[in-house]
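The values are calculated or read from the model by the stated rules, or taken from the named source; none is laboratory data. This structure is a prediction, so every number in the text was calculated from the model and none was measured. Counting neighbours? That spans all protein chains shown, and the Cβs are built from the backbone with ideal geometry, glycine included. Just the protein is used for accessible areas: all its heavy atoms, side chains included, with ligands, DNA and RNA removed. Shrake-Rupley method; radii C 1.70, N 1.55, O 1.52, S 1.80 Å.
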Amino acid sequence: MHDEDGMGDSDPFERLGAAAAERAAAGLTRRLRPRPPQEAPDAVDLAGNDYLGFSRHPEVAEAAAAAARRWGAGATGSRLVTGDTLLHRELEEELADFSGAEAALVFSSGYTANLGVVTALADGSTALVCDRHNHASLIDAARLAKARGAQVLLFDHADSATAEAALAGSAREHRILLSDTVFSVDGDLTDIAALARACAEDGAALVVDDAHGLGVVGEGGAGALSAAGLRGAPGTAAAVTLSKALGAQGGAVLGPRPLIRHLVETARTFIFDTGLAPPAAGAALAALRLLRAEPERPRRLRSLARRISAELTSAGLAATAPDAAVVSVLADSREEAVAWAGACRAAGVDVGCFRPPSVPDGRSRLRLTVRADLTDAQVDRALETVVGTRPRGSG
Ligand code: PMP
């Protein structure tokens, strides 16, 4: 309906208020909570993904500043225009060397790396065989690929037998199996070796999202493909993020040279996106070098995660046994999860609160992301707080 002057008679965004009210009524309100610039000395962060404590590491911060001074605060253009620097090349070479891949290509985020690699590989000749619980970025990538004619088949979470059946059942000429390595909600590491065997038998490619694996699993944190004995294995590739264990920002695809060249020339999220900002590239490179110099960091991280999980379990909570650095603790209801996470935060222990629609099985939980730089006192305090703040009347 238009007024006589041709102007609409209502605000076209007004309906969004009603949608927000509906979300609020369903307990699905999400709010931004700016964090302080420096963590309070007695606060414990178990909500972020700074697994190795690199985001505030002085050498990492200094590398970001030095990169800004030398190359600029921003990339100034897409990598194929003005956004490519020797720093990006250096980072790619170091990432490839570290993970055992032939080559690497840096993207502006893990999200765009996933969108880029999947859409560059999939067209009408391709079937994408996907774990049902894959991360949103792989789901969105599959949706985009579907719009380009790709077939999308789902298999049961972490079930290599149904994955194998889906591969065998597709008549498409090319088949690509897509799976997270460490699943971000519960922290379980899927059986990559079994998926790789299914792919090898079928002649399919295996592309994994190792966002929560790089820097965390495998010898020295070299990632899930390495941990599964698939370092540099033909037919495999990994997308990673630079924003979790490496404490910076950005993403990358690690894989065989022909794949990387194909991405440079065809991946839309590489070609049409401004290159990774030099400070992020510099920070990621510095963090990667620290990780290589201190390979015990990931080991300490995994052992802390196991300890936290074991102690929560022995206190009677339903905590997952972690393969990596994520421990999730089931709550009885969405309301309980929200109240519990709020009580933890009020006590200075920041934890993640996951509830529908961000949880694949509809069960709300707290998510604790463990960090290698937690002190024993912080771990004790976190355990005490999570156990002690569980809302009364539950469990
Ligand atoms: N994959 C997984 C499994 C993730 O958890 C994330 C981050 N939430 C991403 C991809 C996206 O990475 P980025 O944040 O670098 O875009």
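Taking 8 Å as the Cα distance limit and 6 or more residues as the minimum spacing, I'd like the relative contact order of the stretch 65-177 as a percentage.
Numbers: 125 pairs, mean separation 24.0, N = 113.
Result for the stretch 65-177 is 21 percent.
Once the other residues with Cβ under 12 Å from the Cβ of Ala161 are scored (Lys, Arg +1; Asp, Glu -1), what is the net sum?
Working: positive: Arg197; negative: Asp156, Asp159, Glu164, Asp191.
Here the count lands on -3.
Across the accessible surface of the stretch 1-141, with the other protein chains kept in place and a 1.4 Å probe, carbon and sulfur atoms take up 56 percent.
Considering only DSSP states other than H, G, I, E and B, which GluC sites (Glu not before Pro) in the stretch 127-221 qualify as loop sites with at most 11 other Cβ atoms within 10 Å?
Working: sites: Glu164, Glu173, Glu201, Glu219; in loops: Glu173.
Passing sites in the stretch 127-221 are Glu173.
Springs join every pair of Cα atoms under 10 Å in this Gaussian network model of the chain, and among Leu138, Leu52, Leu80 the largest mean-square fluctuation is at Leu80. Between Ala193 and Arg231, the distance separating the two model label sites (each 7 Å from Cα on the Cα→Cβ line) works out to 1.5 nm. Entry comment: accessible area of the stretch 142-282 is 38 Å² per residue, from protein heavy atoms only and a probe of 1.4 Å.
Which loop trypsin sites (Lys or Arg not before Pro) in the stretch 157-239, with loop taken from DSSP, have no more than 11 other Cβ atoms within 10 angstrom of their Cβ?
Numbers: sites: Arg172, Arg175, Arg197, Arg231; in loops: Arg172, Arg231.
For trypsin sites (Lys or Arg not before Pro) across the stretch 157-239 that sit outside H, G, I, E and B with at most 11 neighbouring Cβ atoms in 10 Å, the list is empty.
Loop-located trypsin sites (Lys or Arg not before Pro) in the stretch 288-395 (DSSP state other than H, G, I, E, B) with a sparse environment of at most 16 neighbouring Cβ atoms within 10 Å: Arg392. Give me the percent of DSSP beta bridges within the chain that run antiparallel, rounded to the nearest 5. That works out to approximately 50 percent antiparallel.
Amide H to amide H distances under 5 Å link Arg371 with no residue, where only residues 5 or more positions off or on other chains count and H is placed in the peptide plane. Of the peptides 115-121, 241-247, 43-49, the ranking by mean beta-carbon count within 10 Å, highest at the top, reads 241-247, 115-121, 43-49. Arg56 exposes around 90 Å² of accessible area when a 1.4 Å probe is run over every protein chain in place.
Multiplying the residue separation of Arg35 and Ala21 by 0.36 nm and removing their Cα-Cα distance gives an extension gain of 2.5 nm. Couplings 3J(HN,Hα) of the stretch 16-25, computed from phi: 5, x, 5, 5, 5, 5, 5, 5, 4, 4 Hz, in residue order, whole Hz [Karplus 6.51 cos²θ - 1.76 cosθ + 1.60, θ = phi - 60°; x for Gly and Pro]. Percent relative contact order of the stretch 165-262, based on C-alpha pairs within less than 8 angstrom and at least six residues apart? Relative contact order of the stretch 165-262: 21 percent. Computed FRET efficiency, Cβ-Cβ of Ala171 and Leu28, R0 41 Å: what is it to the nearest 0.05? So, using R0 = 41 Å, E works out to roughly 0.55.
For the pair Glu201 and Glu219 in one chain, pulling the backbone fully straight at 0.36 nm per residue adds 3.8 nm over the alpha carbon distance. The H on the amide N of Ala331, modeled in the peptide plane, is under 5 Å from the matching H of Ser364, Arg365, Leu366, each at least 5 residues off or on a different chain. Expressed as a fraction of 2.2 N^0.38 Å, the C-alpha radius of gyration for the chain is 1.03.
Expressed in nm to one decimal, what extension gain is obtained for the pair Asp376 and Ala293 from 0.36 nm per residue of sequence separation less their Cα-Cα distance? Walk me through the numbers on the way to the answer.
Details: separation 83, 0.36 × 83 = 29.88 nm, distance 2.31 nm.
Full-extension gain reported as 27.6 nm.
Solvent-accessible surface of the stretch 288-395, taken per residue with a 1.4 Å probe and all protein chains present: 44 Å². Only Cα pairs under 8 Å and 6+ residues apart enter the sum, and on that basis the relative contact order of the chain stands at 22 percent. Rounded to whole numbers, the Karplus 3J(HN,Hα) couplings from phi for the stretch 129-137 are 10, 10, 4, 4, 9, 3, 4, 3, 5 Hz, using 6.51 cos²θ - 1.76 cosθ + 1.60 with θ = phi - 60°, and x at Gly and Pro. Heavy atoms only, probe 1.4 Å: what % of the accessible area of the stretch 208-365 goes to carbon and sulfur, would you let me know? With neighbouring chains kept in place, the figure for the stretch 208-365 is 52 percent. Scanning residues 5 or more positions from Phe107 or on other chains, those with amide H under 5 Å from its amide H are Gly251, Ala252, Val253, with H placed 1.01 Å from N in the peptide plane.
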